[in-house]
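Trainee: Supplied in structure tokens, the structure appears directly below.
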Amino acid sequence: MKLEASPIQFGTDGWRGLLGVDVTIERLLLVALAATEEMICRGNCDLNKKVIIGYDRRFLAPEFAEAIASSVSACDLEPLLADESVTTPACSLAVVEHNALGALIITASHNPPEWLGLKIKSPSGASVDEDFTRAVERRILFKGKSIPEVQEIQKFNCRKNHLRNLQEKFDIPALVEGMKHMGLHVIVDSMHGSAAGCIKELLGRESGEFVKEIRTNRDPLFGGNAPEPLEKNLGELIASTKKSSQVGQPYLGLAFDGDGDRIAVIDETGRFCSTQVLIPLFIEHMAQVRNIPGCVIKTVSGSDCIRLIAEAFGRKVIECPVGFKYIAKEMLRTKVLLGGEESGGIGFGEHMPERDALFAALLLLEAIVQGRQPLGVRLNNLSKYIGPSFYDRIDLLLANNESRVRCEDFLRRNPPALVGTKKVKQVILMDGCKLTFAERDWLMFRFSGTEPLLRIYCEAPTSKEVQRTLSWAKEFVSSI
């Protein structure tokens, strides 16, 4: 069966699709050229003509990055191409450091191995907004098939600059000494992605004594799974962390997605810790220990615990749709402590208006060392303070686009008033359909911006309630 390419449309963070079907060199060059022209239209090219070009470890990503640099040159701009695969946050930071017009990054982030795509960053380093991507889509419609010739491109060490910037924002010697004093060991799973080797380099020469890394080699197939730091994809890290902790010293597992902007953590008991449970700890540490000002931004799919802990420290909470570009928009216009999403991305106001998993990892290590308690103990204490909360998400593959439209339309027009025995108190249609029953008790339906998936989120006071509600949701969707 011959696969047909889908229209070129941007999702929550970039344009992505099947390599060789949706994403081809011809289509990618057209998108890159349109994006560059839009940068020129909105930027000040008299002051700076630089555009950062980066790429991850996916199949053909280095070759495609070099090719799209020609699109930038064709627009009489100066492309700066990373000399090796790098994390997306490294490219975002490079935009700011070089005062560039923006960045074009070849990556499909956490998507399956057969995907590839393009992320576009603004002069602030944040993802461009929806107005920008719609303008790019309009430009593509009026373009011909001419492709610029590949030219000699200037390269730079994007990775090194990023790691240096991170080291300047933390007291690395004190952090290392604190880890050694606690006997804290770290196992890092970069999931074959661009963040491989970064933690060891950040912590310096002595890190070999207490930092172990797994899945560091480049594997465009990512071991057969999507490079997304979900519990189901981290079996080796979970088993290694739990087993190592049983010898008497606390171990911590750190997992990064394919392009290094998402994080997940495994505590010393082998418990999977998503950003849902990490963000409250970050808020506590940054507000109480670091005494950093600013509000907290959460997506509509985020845990209510984020709001509760933020309000406990007197911080205003802003809720926005799913997609870090919405968080970044708030970070650019107001003072923000942090902005986080349930899928692993956290941005910190003192760093930059974009997700950075390596910054989050260093901050987490700092919080553990300064609190002088293993992560699991810290999180249990926070849970006692906030109250019980359990959270999970399932993804349902939809049969076709017609099924998606029908389901989306039904939920918008006829949201259920009763979920099992739970009465729906509020319906929120900010981004999908969210049904709230009580505090820390809700169900949400949302369609993916990049894949033919329906994501179903749930938070409840007990794990059994979460699974019961998710089971109800699956049956409900199948009946539509």
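The values are calculated or read from the model by the stated rules, or taken from the named source; none is laboratory data. Just so you know, these numbers come straight off a predicted model, no measurement behind them. Cβ placement follows ideal geometry from the backbone for every residue including glycine, while neighbour counts extend to all protein chains displayed.
Trainee: Regarding Phe170, is this residue over 30 Å from Leu252 (Cβ atoms), hydrophobic (A, V, I, L, M, F, W, C) and at pLDDT 95 or above?
Mentor: No.
Trainee: While we're on this one: Given the conditions (1) under 21 Å from Lys384 (Cα atoms); (2) part of a helix (DSSP H, G or I), which single one is not true for Gly270?
Mentor: Among (1) under 21 Å from Lys384 (Cα atoms); (2) part of a helix (DSSP H, G or I), Gly270 violates only (2).
Trainee: Hey, among the residues in segment 14-53 that are surrounded by fewer than 21 Cβ atoms within 10 Å (Cβ to Cβ) and among the polar types (S, T, N, Q), which one's nearest to Glu4 (Cα to Cα)?
Mentor: In this case the residue turns out to be Thr24.
Trainee: Something else now. Considering only segment 348-375, state which residues are touching a Gly at 6+ places or on another chain (Cβ under 6 Å), surrounded by 24 or more Cβ atoms within 10 Å (Cβ to Cβ) and part of a helix (DSSP H, G or I).
Mentor: Hit for segment 348-375 is Ala357, nothing else.
Trainee: With the checklist (1) more than 25 Å from the chain's Cα centre (by Cα); (2) within 18 Å of Asp356 (Cα to Cα) in hand, flag the one item Leu202 doesn't pass.
Mentor: (1)
Trainee: Does Gly345 fit the bill of being crowded, with 23+ Cβ neighbours inside 10 Å and either small (Gly, Ala, Ser) or in the same structural domain as Thr241 (by TED's automatic domain parsing) (or both)?
Mentor: Against the criterion (crowded, with 23+ Cβ neighbours inside 10 Å and either small (Gly, Ala, Ser) or in the same structural domain as Thr241 (by TED's automatic domain parsing) (or both)), Gly345 qualifies.
Trainee: Tally time: how many residues in segment 167-223 are in contact with a Lys or Arg (Cβ under 6 Å, 6 or more places away or on another chain), free of Cβ contacts under 8 Å to residues at least 60 places away in the same chain and not hydroxyl-bearing (Ser, Thr, Tyr)?
Mentor: Residues flagged as in contact with a Lys or Arg (Cβ under 6 Å, 6 or more places away or on another chain), free of Cβ contacts under 8 Å to residues at least 60 places away in the same chain and not hydroxyl-bearing (Ser, Thr, Tyr) within segment 167-223 amount to 1.
Trainee: So Lys119 passes all but one of these: (1) surrounded by 24 or more Cβ atoms within 10 Å (Cβ to Cβ); (2) touching a residue at least 60 places away in the same chain (Cβ under 8 Å); (3) outside any strand (DSSP E or B); (4) in contact with a strand residue (DSSP E or B) (Cβ under 9 Å, 6 or more places away or on another chain). Which condition number does it fail?
Mentor: With respect to (1) surrounded by 24 or more Cβ atoms within 10 Å (Cβ to Cβ); (2) touching a residue at least 60 places away in the same chain (Cβ under 8 Å); (3) outside any strand (DSSP E or B); (4) in contact with a strand residue (DSSP E or B) (Cβ under 9 Å, 6 or more places away or on another chain), Lys119 is out only on (3).
Trainee: Let me ask something else about it. What number of residues within segment 65-101 satisfy the criterion of being more than 20 Å from Leu163 (Cα to Cα) and surrounded by fewer than 24 Cβ atoms within 10 Å (Cβ to Cβ)?
Mentor: 9
Trainee: Of the residues Arg412, Arg406, which single one is under 28 Å from Gln9 (Cβ atoms), touching a Cys at 6+ places or on another chain (Cβ under 7 Å) and surrounded by fewer than 17 Cβ atoms within 10 Å (Cβ to Cβ)?
Mentor: Criteria check complete, one pass: Arg412.
Trainee: Are there any helices (runs of 4 or more DSSP H) wholly within segment 1-114 with 2 or more residues that are at pLDDT below 90 and either outside the structural domain of Asn401 (by TED's automatic domain parsing) or among the β-branched types (Val, Ile, Thr) (or both), and if so which?
Mentor: Answer list for segment 1-114: 61-74.
Trainee: Go over the candidates Glu37, Glu26, Glu63, Glu78 one by one and state the one that is free of Cβ contacts under 8 Å to residues at least 12 places away in the same chain, farther than 20 Å from Asp356 by Cβ and more than 22 Å from the chain's Cα centre (by Cα).
Mentor: Of the residues listed, the single one that is free of Cβ contacts under 8 Å to residues at least 12 places away in the same chain, farther than 20 Å from Asp356 by Cβ and more than 22 Å from the chain's Cα centre (by Cα) is Glu63.
Trainee: Scan segment 420-431 residue by residue and report those that are part of a strand (DSSP E or B) and surrounded by fewer than 19 Cβ atoms within 10 Å (Cβ to Cβ).
Mentor: Correct list: Lys423, Gln426, Val427, Ile428.
Trainee: Would you confirm, using the coordinates I've provided, whether Glu228 is surrounded by 17 or more Cβ atoms within 10 Å (Cβ to Cβ), touching a residue at least 12 places away in the same chain (Cβ under 8 Å), of a type in the set (D, E, K, R) and farther than 26 Å from Leu175 by Cα?
Mentor: For Glu228, the condition - surrounded by 17 or more Cβ atoms within 10 Å (Cβ to Cβ), touching a residue at least 12 places away in the same chain (Cβ under 8 Å), of a type in the set (D, E, K, R) and farther than 26 Å from Leu175 by Cα - is met.
Trainee: Another question about this same structure. Please find, within segment 221-264, the residue that is farthest from Asp356 (Cα to Cα) out of those that are assigned to a helix (DSSP H, G or I) and hydrophobic (A, V, I, L, M, F, W, C).
Mentor: For segment 221-264, the residue satisfying everything is Ala239.
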